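Enquirer: Pasting in a structure now, in structure tokens, and then I'll have a few things to ask.
The values are calculated or read from the model by the stated rules, or taken from the named source; none is laboratory data. These numbers were taken from a predicted model, which means no experiment stands behind them. Please note: Cβ atoms are built from the backbone with ideal geometry, for glycine as well, and neighbour counts cover all protein chains shown. Please note that ligands, DNA and RNA were not included when accessible areas were found on the heavy atoms of the full protein model with its side chains. Shrake-Rupley method; radii C 1.70, N 1.55, O 1.52, S 1.80 Å.
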Amino acid sequence: MGLKKFSEELIAILPYIHAGLIKSDSGVLIKKKLTFPQMVILDILRLKKECKMSDVAGILGVTKSAVTGMADKLIKEGAIKRERSIKDRRVVRVSLTPKGVKLASQIAEHKLRVIKSLFVDVTEKERMQYLNILRKLKRNIQLKAGLDLDV
């Protein structure tokens, strides 16, 4: 299968995967009315503990002002906090609050349950192949965004 055909089929499949994740929502996402990018921000901060807003923008592929808007709702919800660097006032860092840690953990647990249910009939070998492909995609995204590979 050529890259064009593969891409077209992937585009046709992804909405079903996203819809499956949303449908199986435990209520956490719906109650909080979180957008997908806001969930990504929570995920990033759950994994990294603290991150520069510019790195979050790079990961999401949006402007810093767009990330500011996304973060504002999370700050209003009490899920994240924003702080300026003491060394360089232009650098803004975000991190989870205790409420945000709880919310991010709930989301991660929900995703874990859904992923386990989706991959129940996929062999270990297939899961490893899929994981290796995802690792390559992550690396490509980081390189294209000019991000440190540890972000």
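Rundown of residues vs (1) open to solvent by less than 40 Å² (accessible area, probe 1.4 Å); (2) modelled with pLDDT of 85 or more, yes/no style:
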site: LEU29; (1), (2): yes, no
site: MET39; (1), (2): yes, no
site: ASP43; (1), (2): yes, yes
site: ARG46; (1), (2): no, yes
site: SER54; (1), (2): no, no
site: LEU60; (1), (2): no, no
site: GLU83; (1), (2): no, yes
site: ARG93; (1), (2): no, yes
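Enquirer: Right, here's the next one. Against the condition in contact (Cβ under 8 Å) with a residue 40 or more places away in the chain and open to solvent by 30 Å² or more (accessible area, probe 1.4 Å), how does SER105 come out, does it pass?
Expert: It is true that SER105 is in contact (Cβ under 8 Å) with a residue 40 or more places away in the chain and open to solvent by 30 Å² or more (accessible area, probe 1.4 Å).
Enquirer: Next up: For the range 62-81, give me each residue that is surrounded by 14 or more Cβ atoms within 10 Å (Cβ to Cβ) and among the β-branched types (Val, Ile, Thr).
Expert: VAL62, VAL67, THR68, ILE75, ILE80
Enquirer: Which number in (1) under 30 Å from TYR16 (Cα atoms); (2) surrounded by fewer than 13 Cβ atoms within 10 Å (Cβ to Cβ); (3) touching a residue at least 24 places away in the same chain (Cβ under 8 Å) marks the one condition that ILE115 misses?
Expert: (3)
Enquirer: Then there is this: Look at the range 105-130 and say how many of its residues are aliphatic (A, V, I, L, M) and at pLDDT 90 or above.
Expert: Total meeting the criteria: 1.
Enquirer: On to the next question. Could you grab me the full set of residues in the range 118-133 that are open to solvent by less than 80 Å² (accessible area, probe 1.4 Å) and among the polar types (S, T, N, Q)?
Expert: THR123, ASN132
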